[in-house]
Amino acid sequence: MTQAAQYQEKANLLAHGSEPENNWRQYFGFSTDHKVIGIQYLVTTFIFYLVGGVLATLVRTELATPESDFVSREVYNSLFTVHATVMIFLWIVPAATGGFGNYLVPLMIGARDMAFPRLNAIAFWIIPPAGILLMSSFLVGAPGSGWTSYPPLSLISGKAGEMIWILSVLMLGTSSILAAVNFIVTIVKMRIPGMGFNQMPLFCWAMLATSFLALVATPVLAGALILLSFDLIVGTNFFNPTGGGDPVVYQHMFWFYSHPAVYIMILPVFGMISEIVSVHSRKPIFGYKAIAYSSIAICGLGLIVWAHHMFTSGTPPWLRMFFMITSMIIAVPTGIKVFSWLATIWGGKLRLESPLLFAMGFISLFVIGGISGVMVASVPWDIHVHDTYFIVAHLHYVLFGGSVFGLYAAFYHWFPKITGKMLNDTWGKLHFALSYVGFNLAFMPMHKLGIEGMNRRIAEYDPKFAALNLLCTIGAYLLAVSTLPFLVNVCWSWAYGKPASDNPWGALTLEWMTTSPPPVENFEADPVLATGPYDYGMGSRATQVNVPFSDPHSPGLSAGPSSTLRAKADPVVAAMPSDRQGESNNR
Amino acid sequence: MNIPSQIVTLLAGIILTLVSLWYGQNHHLLPIAASEVAPLVDSLFDTMMVIGTGIFLLVNGILIYSVIKFRRDPNDDTDGPPVHGNIPLEIVWTAIPAVIVLGLSIYSFDVYQAEGGQDPMDHSVAHHGKNHTQMAKMSGAAVAAPLIADSQGVDATPLMSEDLPPKQEAPALGTVSPKVGDSTKPTEFVVNAAGMQYAWLFTYPDTEVVAGELHVPINRNVLINISANDVIHAFWVPEFRLKQDAVPGRQTEVRFVANRLGEYPLICAELCGAYHGAMKTKIVVESQADFDTWLQTQIASAEVGLDRAIATTPATLTEVEYLAPYAKEIGVTAGVLQQLQPAAAKSVHAPSIS
Ligand code: HEM
Ligand SMILES: [Cu+2]
Ligand SMILES: [Cu+2]
């Protein structure tokens, strides 16, 4: 156990609760405990993830050969439409914000629950019916106009399915808005005394930014969908050109939400990665403020880039230029985060177990999605690759390589806290290896496919693309298989796993200062901050830190003046206690 | 051997740069370039590939190096060095990406300009008065598109008025008829393209020939006026690196100069329904002489009559074959097509599907 962690734990002995009685029935009912709700979210959304994965596998099976020979073309369109809708609205968004957000935010800020527990429960209970509703659309002809549902196509293909899609997304949007309000109030109002905004764990910063985005953007989507449903059922003409409506207006409204939505899906994961990288590298997060404020920058910029999805539709040239520049600038705060994580890892003492492996996998894959993202922000290039498999590759590198790998990292990291049991690390590593290889096999070739001329959302394609598509399909099967070790691991470990200590990773944030799993109301007394959330290596100042102040062979790794990572000598952390003095220069 | 770490870093940097430069030029990802703007887009992509490869190698190199070098000794329970940050370093990695993306923006803007993407203000402001009055004078839906078809002063070509919705030029910075391609050069050749589920119909205004595939002469400034009859489609020729949506209710345009003989796929790139994947035809770039011959056969076969033409036009045979099995399913029949065609067209050639 490291110095800093001992210090923090000792200070919080009083707050430490006692283990709760386990009552499994509460997980099926209307509980207002944020931890129960968090678990409900996580389990429900993971089930939907499996459903979405089955749909993806069906999509890839159809695409294994150039002909449309596996399902009918209509069904194919429904498959990818429902796949995307499930993945976005029933998996990533609710799992990252609702699931981990609910479980972790109150614990991290030392609160006993969310600000509005009942609202919280309502937000969750909207999700299962909305999901089942969406699935039921397969009985009446599922929606088939893509998760973007552009009119006029969405107005003329299968009314029932389309209406179900609209209703389902409206419900999920409502749930997301309710959750967002709750998070903002909780984070702003319910931190323990002594925790200023700049002492908050970075996950809380990320949740704050995310919730703000959800609150501003989701109502616009709701507006668009309500107008669309009027066009659909009562025959108004908001978006229908035959009656003088304008389909491009729908695209603006849709993307005004749906671009921020990608940040709603990735920002919480950024927050989780910041936590995980720091804990498992045993080093303070590098550039706390830069990471925290870049979330806010992304949140602001994320609201003014939406038309980069419309470079080839009704967008005037000057607007294309405006949105190109804003979209490119977003790469800057994102880059800050990536480089800060790398600097955190650099020179650390890496505990290379599943959480850190997935987090590093996240960084390595997300960066590819980021690079292709800057490429598609460039108007001339996007004019070529818009609506092709290049986009499909890009979006999966950010959503799967990014969000899903990050969520897996989070599962491995917080599972001991949530269940009180450790996950098996060998199975975790197997899971990682299969996912990493399968993912790249499935999605890397899609870049080339798109550039060469394979458009997306097609059930049949030119035979010249057959070889690469087969490769993608094999990769997708491998990915499907890769979930098995995870499922087995979770089920087995939950039942028979090695019991987890309260703070198995030696972390400093407050969720680790109570029992695993935490009791109802989390803490016996208000926890206190003896150290900051990332003060690894700082410990009590009287003890020796095992880093040489200077090291002639690799000065970059020392704590001293020539370290790659620091600007000035930092006497506070000098190796010899007698050298130490003053306040840190590098905070 | 004990090489100082600065030297190692320097060497790593040089190798990384060289590899990126090499890969950026040798990725073999792009299809043939067959239009004048394509090489511009390609060098933009190459540049982005150089930078992208560099960043990819840097990030993944650091990760792999860390995994090897910074593994924790299982018995070591202590923490790493408490480094909290480094403002100059953070400024560097904020500034460099900022400069890169700004450079890319300027470069992209340049390419877009050369593609003829704009000049934005000029278009929507300078010509607005003119368009405005014209719009005002015109009544109803049967607006004659050609009148405002080209505010850049190009000879208004006789288009099929009923066929195309008006171009919309909002008075200020709002909606325009979206376009891509260089509109500053005089147009030398015009074709009207109408997208419908699930085919393209190309009308050659001078001769009023209608065809299911697009023939254009090489090295001419071609203007395609695009419209959509039902849902949104998109006109995409990968070898030209150009794409433009066909939006029902408004006319859009794409301009290009094809500079390489050959046949290229012309693909609908916007989901338009069940047979979206089958909605593709070809664009044939040919010499003026070949083009003229083709046009004459079209006119001739059109005079023989719609029904016969279908069977006898060799140019569309492959596509007829391709689509025949499900032409019924799609519900596109000769009758439907005829109905879609402008009444004014006196000679009609059967399009690709029948
Ligand atoms: C099991 C792994 C997955 C596979 C094999 C897979 C496969 C695919 C394929 C082949 C498409 C293209 C369909 C088409 O355009 O015809 C697609 C679309 C899409 N996928 Fe996935 N996917 C997977 C996981 C995910 C995840 C985790 C997300 C997370 C949000 C996601 C989000 C999307 C979205 C948004 C689309 C766009 C759908 C549209 O065009 O409307 N996918 N997926
Ligand atoms: Cu976007
Ligand atoms: Cu289409």
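The values are calculated or read from the model by the stated rules, or taken from the named source; none is laboratory data. Note that the structure is a prediction, hence the values are computed from the model and not measured. Note: ideal-geometry Cβ built from the backbone for every residue, glycine included; neighbour counts use all protein chains shown. Surface areas here come from the heavy atoms of the whole protein model, side chains and all, with no ligands, DNA or RNA. Shrake-Rupley method; radii C 1.70, N 1.55, O 1.52, S 1.80 Å.
Data table
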| read-out | value |
| --- | --- |
| Accessible surface of segment A:32-496, 1.4 Å probe, proportion on carbon and sulfur as whole % | 76 |
| A:SER136-B:GLU303 pseudo-label distance in nm [points 7 Å out on the Cα-to-Cβ vector] | 6.4 |
| Distance violations [Cα-Cα > 23 Å] among A:LYS349/A:LYS429; A:LYS10/A:LYS429; A:LYS10/A:LYS289; A:LYS337/A:LYS417; A:LYS10/A:LYS417; A:LYS159/B:LYS282 | A:LYS10/A:LYS429; A:LYS10/A:LYS289; A:LYS337/A:LYS417; A:LYS159/B:LYS282 |
| Residues B:ILE32 and B:ILE87, FRET efficiency given R0 of 56 Å [Cβ-Cβ distance, rounded to 0.05] | 0.70 |
| Sum of -39500 (n - 2.57) over DSSP H runs of 4+, divided by residues of chain A (222 nm, nearest 500) | -20000 deg cm²/dmol |
| Solvent exposure of segment A:1-94 as accessible area per residue, Å², 1.4 Å probe | 43 |
| Relative contact order %, segment A:142-289, counting alpha carbon pairs below 8 Å whose residues are six or more apart | 27 |
| Segment A:45-72 and segment A:151-228: distance between their alpha carbon centers, rounded to Å | 28 |
| A:VAL181/A:GLN6 FRET efficiency (R0 56 Å; Cβ-Cβ; nearest 0.05) | 0.90 |
| Simple label model, 7 Å out from Cα along Cβ direction - B:GLN296 to A:VAL520, nm | 9.3 |
| Area accessible to solvent at B:SER5, 1.4 Å probe radius, in Å² | 40 |
| Chain A: angle of helix A:73-85 to the longest principal axis, Cα-based, in degrees nearest 10 | 30 |
| Estimated distance in nm for a label pair at A:PHE230 and A:LEU352, the labels positioned 7 Å out from Cα along Cα-to-Cβ | 6.0 |
| Heavy atoms of B:ILE14: accessible area, 1.4 Å probe, square angstrom to 10 | 80 |
| Euclidean distance between Cα centres, segment A:3-32 to segment A:507-541, Å | 11 |
| Peptide A:361-367 - average C-beta neighbours from other chains (10 Å radius) | 3 |
| Euclidean distance between Cα centres, segment B:88-105 to segment B:1-69, Å | 17 |
| Residue-span extension gain [B:ASN60 to B:THR17] - 0.36 nm each, minus C-alpha spacing | 14.0 nm |
| Spherically averaged projected area in nm², based on the convex hull that wraps the Cα atoms of chain A | 26.9 |
| Mean Cβ neighbour count within 10 Å, used as a protection proxy, ranking A:190-198, A:71-79 highest first | A:71-79, A:190-198 |
| Protein-protein interface of segment B:80-95, residues with accessible area decrease of at least 30 Å², isolated chain reference, 1.4 Å probe | B:GLY80, B:PRO81, B:PRO82, B:VAL83, B:HIS84, B:GLY85, B:ASN86, B:LEU89, B:GLU90, B:TRP93, B:THR94 |
| Additional length obtainable on full extension of the chain from A:PHE197 to A:CYS491, 0.36 nm per residue less Cα span | 102.1 nm |
| Gain upon complete extension [B:SER287, B:ASN219; 0.36 nm per residue less C-alpha separation] | 23.6 nm |
| Long-range HN-HN contacts of A:LYS421 with modeled amide H, under 5 Å | A:ALA500 |
| Charge dipole (debye, nearest 20) of chain A; +1 at Cβ of Lys and Arg, -1 at Cβ of Asp and Glu | 820 |
| Rounded tilt (10° steps) of A:247-281 against the dominant C-alpha axis of chain A | 20 |
| Efficiency of FRET from Cβ geometry, A:LYS464 and B:THR207, R₀ 30 Å, rounded to 0.05 | 0.30 |
| In degrees, nearest ten, helix A:389-398 long axis to first principal axis of chain A (Cα) | 30 |
| Contact order normalised by residue count of chain A, Cα under 8 Å, 6+ apart, percent | 20 |
| Under 5 Å, built H, 5+ apart or other chain: amide partners of B:PHE235 | B:GLN244, B:ASP245, B:ALA246, B:ALA269 |
| Label point at A:THR65 placed 7 Å out along Cα→Cβ; residues across segment A:450-482 whose backbone nitrogen lies under 14 Å | A:460-461, A:463, A:466-467, A:470 |
| Accessible surface buried upon B-A contact (total; probe 1.4 Å; Å², nearest 100) | 8400 |
